[in-house]
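*Asks:* Okay, here's the structure, questions in a sec.
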Amino acid sequence: MSELGCLDGTIGPAEETYIPATDEGFLRGDGVFEVVRVYDGSPFALSEHLDRIERSAANLRLGWLVPRAVLEEEVPRLLAERGEAFDGILRIVLTRAGHRLLLTEPTPGTPERVRLAFVTYAPTRVLDGVKSLSYAANMLATRAAQERGFDEALLVTPHDRVLEAPTSTIFWVGDDGALSTPPLDDHILASITRDKLIELVGAEERPLTKDELLAAREAFLASTVREVQPVAAVEEREFEETGEVTRKAAAAFRAHVEAELS
């Protein structure tokens with residue numbers, strides 16, 4: 001079945017769904033978005049994603065963009081039209097001109113274990129707490145890593161502080177066996193999957209340097225799309241196999257998803 005789009009309440013084929021070319025969401029990336037994982041037609045953590053899109057819009061001084069009650073009606077209507085068997089993602093986009101776009105998409109393919117390359121990056125402080133449409137820097141970082149033969153980028157500051165991947169959070173296990181993840185004070189995205197993993201497996205929030213990550217016992221990425229994805233390598237540092245802590249985190253998260261949607 002082809003993917004579907006819902007523009008301002010009207011459902012149709014995704015490839016035939018358009019916003020006006022004059023919309024500043026398109027021209028300037030002025031707007032907000034969310035990506036929601038859908039399992040067998042049911043959206044996971046939808047309320048948390050709508051909470052975050054409200055915060056993002058408010059931080060961009062565009063709080064009026066979020067008609068939450070309308071979205072809560074349109075999301076299940078679109079997914080029902082797509083079908084109960086749909087397993088993929090739902091993209092929610094709100095543009096500066098006030099357009100409301102929902103799209104169903106297949107889950108992007110990712111390797112079982114990911115190879116990461118460092119890419120120097122300085123966070124834009126004014127966009128703290130905002131999941132905006134201005135994602136060119138993130139996408140460029142991924143392409144730069146892939147040009148070097150890696151799967152994904154790992155964003156680090158000019159002072160070697162490790163932040164996150166372009167669309168996911170990094171977790172690592174140190175010499176003491178403790179699981180950790182960088183703090184939000186490092187100007188990283190408040191990831192919904194990150195929050196759930198901290199609750200489920202008790203990860204500690206603390207700063208991470210490049211050298212510390214390269215000396216870690218194991219590491220994994222976490223996001224809506226990836227869930228828990230083991231890290232196979234960071235630059236020349238190889239992780240021989242998926243570690244025990246990573247396996248437990250993956251199992252705990254999947255069990256949580258299944259319990260929430262049952």
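*Asks:* Would you tally the residues in the range 219-253 being under 17 Å from Gly177 (Cβ atoms), crowded, with 20+ Cβ neighbours inside 10 Å and of a type in the set (S, T, N, Q)?
*Replies:* Number of matching residues: 1.
*Asks:* If you go through the range 134-160 one residue at a time, how many are exposed (fewer than 14 other Cβ atoms within 10 Å of the Cβ), touching a strand residue (DSSP E or B) at 6+ places or on another chain (Cβ under 7 Å) and closer than 18 Å to Val225 by Cβ?
*Replies:* Result for the range 134-160: 0.
*Asks:* Is there any pair with a first residue in the range 185-211 that is crowded, with 19+ Cβ neighbours inside 10 Å and a second that is part of a loop (DSSP other than H, G, I, E, B) and not acidic (Asp, Glu) whose Cβ atoms are under 7 Å apart and which are 6 or more apart or on different chains, and what are they?
*Replies:* If the second residue must be part of a loop (DSSP other than H, G, I, E, B) and not acidic (Asp, Glu), the pairs left are Ile188/Pro182; Leu189/Lys131; Ile192/Ala45; Ile192/Thr224; Thr193/Thr224; Leu197/Ala203; Leu208/Pro182.
*Asks:* Show the residue pairs meeting these rules: Cβ distance below 8 Å; 6+ apart or different chains; first residue within the range 116-133 and touching a residue at least 24 places away in the same chain (Cβ under 8 Å) and buried (at least 18 other Cβ atoms within 10 Å of the Cβ); second residue among the small types (Gly, Ala, Ser) and assigned to a strand (DSSP E or B).
*Replies:* Going by the 8 Å Cβ cut-off, the qualifying pairs are Leu116/Ala153; Leu116/Ala165; Leu116/Ala233; Ala117/Ala153; Phe118/Ala153; Val119/Ala153; Ser132/Gly31; Leu133/Gly31.
*Asks:* Another one. Considering (1) touching a residue at least 40 places away in the same chain (Cβ under 8 Å); (2) more than 20 Å from Ala145 (Cβ to Cβ), say which one Val225 fails and leave the rest.
*Replies:* (2)
*Asks:* When you go through (1) closer than 18 Å to Leu90 by Cβ; (2) surrounded by fewer than 16 Cβ atoms within 10 Å (Cβ to Cβ) one by one for Leu46, which number turns out not to apply?
*Replies:* Of everything listed in (1) closer than 18 Å to Leu90 by Cβ; (2) surrounded by fewer than 16 Cβ atoms within 10 Å (Cβ to Cβ), Leu46 misses just condition (2).
*Asks:* Test Gly149 against the stated conditions and say whether it is over 29 Å from Asp30 (Cβ atoms), in contact with a helix residue (DSSP H, G or I) (Cβ under 8 Å, 6 or more places away or on another chain) and without any contact (Cβ under 8 Å) to a residue 60 or more places away in the chain. Walk me through how you get there before you give the answer.
*Replies:* Values: over 29 Å from Asp30 (Cβ atoms): yes; in contact with a helix residue (DSSP H, G or I) (Cβ under 8 Å, 6 or more places away or on another chain): no; without any contact (Cβ under 8 Å) to a residue 60 or more places away in the chain: yes.
No; evaluated as a whole, the condition is false for this residue.
*Asks:* Restricting to the range 65-81, what's the tally of residues that are in contact with a Pro (Cβ under 9 Å, 6 or more places away or on another chain) and among the β-branched types (Val, Ile, Thr)?
*Replies:* Here the count works out to 1.
*Asks:* Residues that are touching a residue at least 60 places away in the same chain (Cβ under 8 Å) and closer than 29 Å to Val228 by Cβ: list the helices (runs of 4 or more DSSP H) wholly contained in the range 1-104 that include at least 1 such residues. So that I can check it myself, show each step before the final result.
*Replies:* On the way: elements: 24-27, 46-59, 68-82.
Counting at least 1 such residues, we get 46-59, 68-82.
Just so you know, all these numbers are worked out from the coordinates, no wet-lab data involved. The shown structure was predicted, so the numbers you read here are calculated from the model rather than taken from an experiment. FYI the Cβ positions are ideal-geometry reconstructions off the backbone, even for glycines, and counts take in every protein chain you see.
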